[in-house]
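The values are calculated or read from the model by the stated rules, or taken from the named source; none is laboratory data. These numbers were taken from a predicted model, which means no experiment stands behind them. Cβ placement follows ideal geometry from the backbone for every residue including glycine, while neighbour counts extend to all protein chains displayed. Heavy atoms of the whole protein, side chains included, go into the accessibility calculation; ligands, DNA and RNA do not. Shrake-Rupley method; radii C 1.70, N 1.55, O 1.52, S 1.80 Å.
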Amino acid sequence: MMRLKALPDVPRWAVLAAHAVPLVTLPSGLWRLALVAGLPVTQDAEWGVMSWGESVYVVSLSVVSELLAFLTLGLVRSWGEVFPRWMPFLGGRRVNPAAATGAALAGVAGLCAIVAWGVYASYADLGPGIPATPAQDALLAVCYTPLLAWPVLLAAVAVAYHRRRRGGGRRPAGGGTRQYGAGRPSASSWV
């Protein structure tokens, strides 16, 4: 069985949820890349031939969404507690738990707003729509439906991060205090 990397005090379910986030964003990104490549994901020939600017926008949207999804891993790994040394000005400093949790929850709010707008726009029949065959519509649904899990997974991992970083009311074994994020992490914790 594959071992997922995370800090030792992170609940297993949170590790699985954090690692699932980049996977739920991947199908929609691949669909957009197929659209840019001119593959038959829509019926309309205009969608298969995009301008250079539109292509850059669509590819950038895929890359940025995947990078944002990967940030969820920081909530279960050491780089969510201490900034990596290679980062200018911040490297080696402790991550503010309130700021990280706030950013994650702001991301949840933004994702929920995007989902709400998408549902409203779909039912209100706003926009030109994408002409497609039933098979192309099914492919679109299969690729975009996993995105509905993104805000839910991110919210769960953010709450687990917040509880773990504020102490959660539990003391570690031996009665000591938590040492993650304090001082300099070992080199092996960056992988």
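Sorting 70, 83 by solvent-accessible area of protein heavy atoms yields 70, 83, largest first, with a 1.4 Å probe. Alpha-carbon geometry of region 44-105: the Rg and the Dmax are 17.3, 52 Å, given in that order.
All other residues with a Cβ under 13 Å from the Cβ of residue 4 taken together, and with Lys, Arg as +1 and Asp, Glu as -1, what is their net charge? Net of charged neighbours comes to +4. With a 1.4 Å probe and every protein chain left in place, work out the accessible area per residue of region 1-119 in Å², rounded to a whole number. That works out to 58 Å² per residue. Relative to the current alpha-carbon distance between residue 98 and residue 79, full extension at 0.36 nm per residue lengthens the span by 5.3 nm. Placing a pseudo-label 7 Å from each Cα along the Cα-to-Cβ vector at residue 166 and residue 136 gives an inter-label distance of 4.9 nm.
Each Lys and Arg adds +1 at its Cβ and each Asp and Glu adds -1 at its Cβ; summed about the Cα centre, region 1-139 shows a dipole of about 920 debye.
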